[in-house]
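Undergrad: Could you have a look at this structure, given as structure tokens, before my questions?
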Amino acid sequence: MLRKASALSALAVAGAGTASAADCSGVNEWNSGAAYTGGDQVTYDGSLWTAEWWTKGTQPAESENVWTLEGACGDGGNDGGDGGNDGGDQNQSPDASFTVSPSSPEPGEEVTLDASGSSDPDGDSLSYEWNIETVGTVEGAVNTLTLDAGNYEVTLTVTDADGASSSVTETLTVAEAPDGPTDEFKVIGYYPGWKATPEYDYYPEDIPFDKVTHVQYAFLGVDADNAVPTIMSDQDRQNLERFKELKDGAASDTKITLSVGGWADSTGFSEIAMTESGRQSFADRCVEILRKYNLDGIDIDWEHPGSSQGKCQCGSNKDYENHVKLLQALRDTLDAAAKEDGKYYELSIANGGSDWNAGGLRHGDIGEICDFASIMAYDFTGSWMDVVGQNAPLYGDAHPTENSQYGETYNAQYFVEYSVDKLYAGDHGEVGYWPGQWEYPPAEPAAYDELVLGLPFYGRGFNGTEMYGSYSGLPQGTWHDQLEDGADPTGAFDFGDLEENFEGADGWTKKRHDPGATPYIVNESEETIISYDDEKAIEEKVKFAKERGMSGVMFWELSQDWNETLLDTINRTA
């Protein structure tokens with residue numbers, strides 16, 4: 001596993017470029033252990049830098065949005081590059097970056113260190129020198145080696161033809177494959193039923209059941225006329241029959257639950273939850289399906305309770321209370337069935353991580369009824385935003401988006417810490433993070449141990465080149481060819497696709513936005529920028545969940561982690 005020596009440092013570290021002279025008198029040198037807020041100034045590499053917002057651990061570089069280069073210190077004779085230019089065309093320092101494959105190597109496994117993604121702004125050829133802890137110094141853009149178990153500090157220095165250089169240091173962890181999870185910390189993966197086709201080629205038997213505690217089948221539909229959940233296709237029936245067989249084999253120690261609803265199929269929940277008879281009919285049918293396929297529980301993915309919600313833009317504010325009543329009817333009916341069947345049936349929910357889709361939920365009541373509540377702490381950006389944003393930043397409110405959906409322009413983006421600590425487990429008040437997103441009194445909070453943190457195994461892309469800059473549209477994404485002819489691009493990329501085909505590829509530069517702790521990659525020539533979670537981001541989020549005593553983590557979805565890289569990171573960290 002690869003991680004930065006500084007937790008929030010960018011993967012690609014650039015030397016300071018050209019700038020006018022700046023007065024650096026009385027300004028302290030940048031300190032990797034110090035926290036800086038907007039307006040703070042530091043000196044670094046002979047230049048003066050100003051922080052745009054809170055940052056800690058990200059060293060100043062023009063490639064980092066958090067830092068602004070004010071100029072070279074002194075009288076302008078020091079250009080921050082070759083150190084001797086007189087103000088004409090100045091040589092700029094190269095950008096040093098490298099990738100490791102596999103990203104989480106085991107002892108004795110071949111590991112490839114690849115610096116071919118490094119570049120020089122002046123177009124010079126580069127030389128490469130590696131210093132690998134306990135191994136020594138090697139040269140060349142690409143090196144392959146085997147290592148024993150342990151942590152290795154790896155420093156790459158790239159130097160251009162004029163002698164300007166820059167370095168980047170990573171810590172490489174070599175360890176045995178992690179043990180599988182335990183019920184003490186849940187690892188929950190969604191399985192989309194539509195992936196069991198030759199085109200997607202991800203079938204129930206492909207799931208690594210030894211690496212998850214739960215698999216949630218997505219999705220059953222909602223039939224409001226008959227007040228029942230529905231198995232929506234023959235493909236779904238075939239999949240459920242496969243899971244029934246797997247429960248007697250590879251999945252015998254894994255809980256398989258049925259998720260009902262989802263973004264596309266939640267229409268009808270509001271009507272069903274409105275009456276006692278509708279709620280009971282729905283619960284009874286859930287039990288019938290669980291018994292038929294020998295499964296372990298129900299997950300209610302109602303997207304979303306409340307007025308004008310979800311894809312259907314339906315519902316009412318009565319949904320918040322009726323949601324709880326539906327869950328209570330399910331809990332009572334599942335418990336009655338458990339007594340008859342001699343097995344416990346779980347009940348869970350999944351809901352969004354933003355004010356607009358979770359601000360009115362009765363979090364405390366839900367926590368008392370359900371085994372756990374999963375927070376979908378992602379999709380914080382997309383085509384509905386006015387500027388490029390991050391899919392699932394972990395920390396901080398310094399994410400300068402602009403959004404005018406709610407009658408005013410707000411210059412902040414949702415982030416995971418707010419979703420967990422304020423929206424679900426704390427007091428988000430009558431207004432919340434973005435005013436005007438819901439109209440209903442807030443509820444008592446949930447306890448941390450009633451909550452599961454949702455993680456994205458995918459990224460969201462834009463046709464743009466600057467984080468929090470403008471964009472012209474969305475790129476096609478990983479599975480665009482599987483959509484109907486003429487379908488709009490989704491901008492969604494599987495992590496496996498990003499890992500294999502984008503990270504370290506020619507033209508792509510990887511950066512990490514502080515304080516989000518999540519990366520993004522940029523291709524200037526293709527005018528594409530993609531925000532996603534990599535191993536480091538997943539590791540940080542699992543630690544975040546464990547520090548708070550949360551019940552576990554959930555992720556959307558299993559097929560997107562082609563090499564099980566992120567899933568292995570979860571288990572290693574948990």
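Undergrad: Consider Thr144 carefully, then state whether it is outside any strand (DSSP E or B), among the β-branched types (Val, Ile, Thr) and loosely packed, with under 13 Cβ neighbours inside 10 Å.
TA: So Thr144 does not fit the description; no.
Undergrad: Among the residues of the stretch 497-554, write down those that are farther than 23 Å from Leu451 by Cβ, among the polar types (S, T, N, Q) and within 11 Å of the chain's Cα centre (by Cα).
TA: Scanning the stretch 497-554 gives a single hit, Ser531.
Undergrad: Can you name the residue in the stretch 189-211 that is out of contact with any strand residue (DSSP E or B) (no Cβ under 7 Å at 6 or more places or on another chain) and among the aromatic types (Phe, Trp, Tyr) and, of all such residues, is surrounded by the fewest Cβ atoms within 10 Å (Cβ to Cβ)?
TA: Tyr200
Undergrad: Can you name the number of the only condition in (1) at pLDDT 90 or above; (2) more than 19 Å from Phe457 (Cβ to Cβ) that Pro400 fails?
TA: (1) is the only condition that Pro400 fails.
Undergrad: A further question follows. What is the one condition in (1) at pLDDT 95 or above; (2) buried (at least 16 other Cβ atoms within 10 Å of the Cβ) that Glu170 does not satisfy?
TA: Condition (1) is where Glu170 drops out.
Undergrad: Would you mind listing the strands (runs of 3 or more DSSP E) fully within the stretch 438-519 where at least 3 residues are farther than 30 Å from Asn317 by Cα and in contact with a Gly (Cβ under 7 Å, 6 or more places away or on another chain)?
TA: Hits in the stretch 438-519: 458-462.
Undergrad: When only residues in the stretch 409-436 that are among the hydroxyl-bearing types (Ser, Thr, Tyr) and part of a loop (DSSP other than H, G, I, E, B) count, which is modelled with the lowest pLDDT?
TA: The qualifying residue modelled with the lowest pLDDT is Thr409.
Undergrad: Still on this structure, please answer the following. Looking at Gly360 and the list (1) in contact with a strand residue (DSSP E or B) (Cβ under 9 Å, 6 or more places away or on another chain); (2) surrounded by 19 or more Cβ atoms within 10 Å (Cβ to Cβ); (3) modelled with pLDDT under 95; (4) in a loop (DSSP other than H, G, I, E, B), which single condition is not satisfied?
TA: Going through (1) in contact with a strand residue (DSSP E or B) (Cβ under 9 Å, 6 or more places away or on another chain); (2) surrounded by 19 or more Cβ atoms within 10 Å (Cβ to Cβ); (3) modelled with pLDDT under 95; (4) in a loop (DSSP other than H, G, I, E, B) one by one, Gly360 breaks only (1).
Undergrad: Of the residues Phe372, Phe380, which is free of Cβ contacts under 8 Å to residues at least 40 places away in the same chain and surrounded by 21 or more Cβ atoms within 10 Å (Cβ to Cβ)?
TA: On inspection, the qualifying residue turns out to be Phe380.
Undergrad: Another one. Output the residue which, of all residues in the stretch 461-477 that are hydrophobic (A, V, I, L, M, F, W, C) and under 18 Å from the mean Cα position of the chain (by Cα), is modelled with the lowest pLDDT.
TA: Looking at the filtered set, the residue picked out is Met467.
Undergrad: Of all residues being among the charged types (D, E, K, R) and buried (at least 17 other Cβ atoms within 10 Å of the Cβ) in the stretch 224-257, which is farthest from Asp301 (Cα to Cα)? Just the residue, please.
TA: Here the residue is Lys247.
Undergrad: I'm told Ser103 meets every condition in (1) at pLDDT below 85; (2) more than 19 Å from Ser165 (Cα to Cα); (3) surrounded by fewer than 15 Cβ atoms within 10 Å (Cβ to Cβ) except one. Can you identify the failing condition by its number?
TA: Answer for Ser103: the failing condition is (3).
Undergrad: Looking only at the stretch 152-167, which residues are in a strand (DSSP E or B) and of a type in the set (Asp, Glu)? Explain how you work it out, then say what you get.
TA: At the first step, the residues of the stretch 152-167 found to be in a strand (DSSP E or B) are 152-159, 165-167.
Within the stretch 152-167, just Glu153 meets the criteria.
Undergrad: Please find, among Arg279, Arg237, the residue that is in the same structural domain as Ser307 (by TED's automatic domain parsing), more than 25 Å from Pro198 (Cβ to Cβ) and basic (Lys, Arg).
TA: Result: Arg279 is the single residue among Arg279, Arg237 that is in the same structural domain as Ser307 (by TED's automatic domain parsing), more than 25 Å from Pro198 (Cβ to Cβ) and basic (Lys, Arg).
Undergrad: Here is a follow-up. Please go through (1) modelled with pLDDT under 85; (2) within 25 Å of Asp162 (Cα to Cα) for Asp95 and return the number of the only condition it doesn't satisfy.
TA: Here Asp95 meets the rest and fails (1).
Undergrad: Then there's this: With (1) at pLDDT 95 or above; (2) closer than 30 Å to Gly477 by Cα; (3) touching a Cys at 6+ places or on another chain (Cβ under 8 Å) as the list, and Ser348 as the residue in question, which single condition is left unmet?
TA: Single failed check for Ser348: (2).
Undergrad: Just to check your reading of the model, which residue among Asp296, Asp284, Asp301, Asp319 is in contact (Cβ under 8 Å) with a residue 12 or more places away in the chain and more than 25 Å from Asp236 (Cβ to Cβ)? Steps first, answer last, please.
TA: Values: Asp296 fails: more than 25 Å from Asp236 (Cβ to Cβ); Asp284 fails: more than 25 Å from Asp236 (Cβ to Cβ); Asp301 fails: more than 25 Å from Asp236 (Cβ to Cβ).
Step by step, each of Asp296, Asp284, Asp301, Asp319 is checked, and only Asp319 is in contact (Cβ under 8 Å) with a residue 12 or more places away in the chain and more than 25 Å from Asp236 (Cβ to Cβ).
The values are calculated or read from the model by the stated rules, or taken from the named source; none is laboratory data. Please read these numbers as outputs of a predicted model, since none were measured by experiment. Backbone-built Cβ (ideal geometry, glycine too); neighbour counts: all protein chains shown.
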